[in-house]
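Student: Sharing a structure below in structure tokens format, with a few things to ask.
The values are calculated or read from the model by the stated rules, or taken from the named source; none is laboratory data. Just so you know, these numbers come straight off a predicted model, no measurement behind them. Cβ placement follows ideal geometry from the backbone for every residue including glycine, while neighbour counts extend to all protein chains displayed. Ligands, DNA and RNA are stripped out before the accessible areas are found, and what is left, the full protein with its side chains, is counted by its heavy atoms. Shrake-Rupley method; radii C 1.70, N 1.55, O 1.52, S 1.80 Å.
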Amino acid sequence: MGKHKRYKRVRKHLEYYKLNFGLTPPYKLVVDGNFIQQALKYKVHIKEQIPKLFQSVVVPCVTKCTVSKLRRAGSAYSGAAIIAKRFERIPCQHGKGVQKEDVCLEALVGQSNASKLCYGAQTVSLRNKIRRVPAAP
């Protein structure tokens with residue numbers, strides 16, 4: 001698929017979420033640790049490439065649990081941990097302490113995505129859980 005078609009498709013999806021759920025720029029994109037690791041592996045600069053795709057201002061965000069998971073993962077994820085530290089922090093919704101990253105992001109989405117965030121997840125199971133919420137792109 002060419003770039004033009006991809007951009008057009010993304011623009012249509014974002015327009016749908018804007019009209020139906022009130023999602024407006026600047027978009028806050030919450031990413032998981034595997035998303036950051038894969039972007040690093042394929043040399044994709046998240047802060048540069050995602051705004052081009054969205055054709056708008058995008059603020060990449062992580063949770064405390066995501067950064068904690070990347071630190072605990074060891075040297076294989078050390079680059080991703082450094083990148084995650086530069087992103088904006090979103091407060092966790094599950095309460096005190098550090099939870100598994102999937103549990104934390106599921107709690108952040110909730111039943112209706114009241115905080116109007118976009119989600120970037122590389123983990124298939126997490127992606128499927130987020131897709132079940134109608135207002136979570």
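Student: Amide H neighbours of K28 under 5 Å, counting only residues 5+ apart in sequence or on other chains, H built in-plane at 1.01 Å?
Tutor: Placed amide hydrogens put V59, C118 under 5 Å from K28.
Student: Turning to a different aspect of this structure: Checking the cross-link filter: which aspartates and glutamates have an alpha carbon closer than 18 Å to that of K43, excluding same-chain neighbours under 8 positions apart?
Tutor: Within the straight-line cut-off, K43 pairs with D32.
Student: Can you give me the solvent accessible area of C118 with a 1.4 Å probe, rounded to the nearest 10 Å²?
Tutor: Counting only protein heavy atoms, C118 exposes about 0 Å² to solvent.
Student: Largest first, what is the accessible-area ranking of L40, L53, L117, L19 with a 1.4 Å probe?
Tutor: Details: L40 75, L53 45, L117 5, L19 130 Å².
Per-residue accessible area, sorted high to low, gives L19, L40, L53, L117.
Student: Using unit Cβ charges (K, R positive; D, E negative) and no other charged atoms, how large, in debye to the nearest 20, is the dipole of the chain about its Cα centre?
Tutor: Working: 27 positive and 7 negative charges, 78 e Å.
Value, rounded to 20: 380 debye.
Student: May I pose another question? Considering only protein heavy atoms, with the full assembly of protein chains and a 1.4 angstrom probe, order S78, S68 by accessible area, largest first.
Tutor: Working: S78 55, S68 25 Å².
Most to least solvent-accessible, the answer reads S78, S68.
Student: Okay, moving on. So which aspartates and glutamates pass the test for K47, namely a Cα distance under 12 Å, with those fewer than 8 places away in the same chain ruled out?
Tutor: Of all the aspartates and glutamates, those that pass the test against K47 - Cα under 12 Å, at least 8 places apart if same chain - are E88.
Student: First compute the accessible area of segment 78-137 with a 1.4 Å probe, then give the percent of it belonging to carbon and sulfur atoms.
Tutor: Working: 1730 of 3420 Å².
Within segment 78-137, the accessible surface is 51 percent carbon and sulfur.
Student: For F54, F87, write out the residues from largest to smallest accessible area, computed with a 1.4 angstrom probe and no ligands counted.
Tutor: Values: F54 35, F87 15 Å².
Putting F54, F87 in descending order of accessible area: F54, F87.
Student: A follow-up question, please. If the viscosity is 1.002 mPa s and the temperature 20 °C, what Stokes-Einstein diffusion coefficient in µm²/s follows for segment 20-120 when Rh is the Kirkwood radius over Cα pairs? Don't jump to the answer; show the numbers that get you there.
Tutor: Numbers: Rh = 14.0 Å.
D = 153 µm²/s.
Student: May I pose another question? Roughly how large, in nm² to one decimal, is the mean projection of the convex hull of the alpha-carbon atoms in segment 80-137?
Tutor: Projected over every direction and averaged, the Cα hull of segment 80-137 covers 4.3 nm².
Student: List the pairs from K3/K64; K100/K129; K18/K69; K18/K52 whose alpha-carbon separation is above 23 Å, in the order I gave them. Numbers along the way, then the final one.
Tutor: Values: K3/K64 34 Å; K100/K129 15 Å; K18/K69 32 Å; K18/K52 18 Å.
With Cα atoms farther than 23 Å apart: K3/K64; K18/K69.
Student: Leaving out ligands and nucleic acids, and using a 1.4 Å probe, what accessible area per residue does the chain come to in Å²? Kindly include the intermediate steps, with their values, before the conclusion.
Tutor: Values: 8300 Å² over 137 residues.
The answer is 61 Å² per residue.
Student: Something else now. Given the -39500 (n - 2.57) contribution per DSSP H run of 4+ residues, what per-residue ellipticity at 222 nm results for the chain, rounded to the nearest 500 deg cm²/dmol?
Tutor: Estimated from H runs of four or more residues: -15500 deg cm²/dmol.
Student: Can you tell which of A121, Q38, T63 lies farthest toward the positive end of the dipole of segment 10-137, using +1 and -1 charges on the Cβ of basic and acidic side chains (Lys, Arg; Asp, Glu)?
Tutor: In segment 10-137, that residue is Q38.
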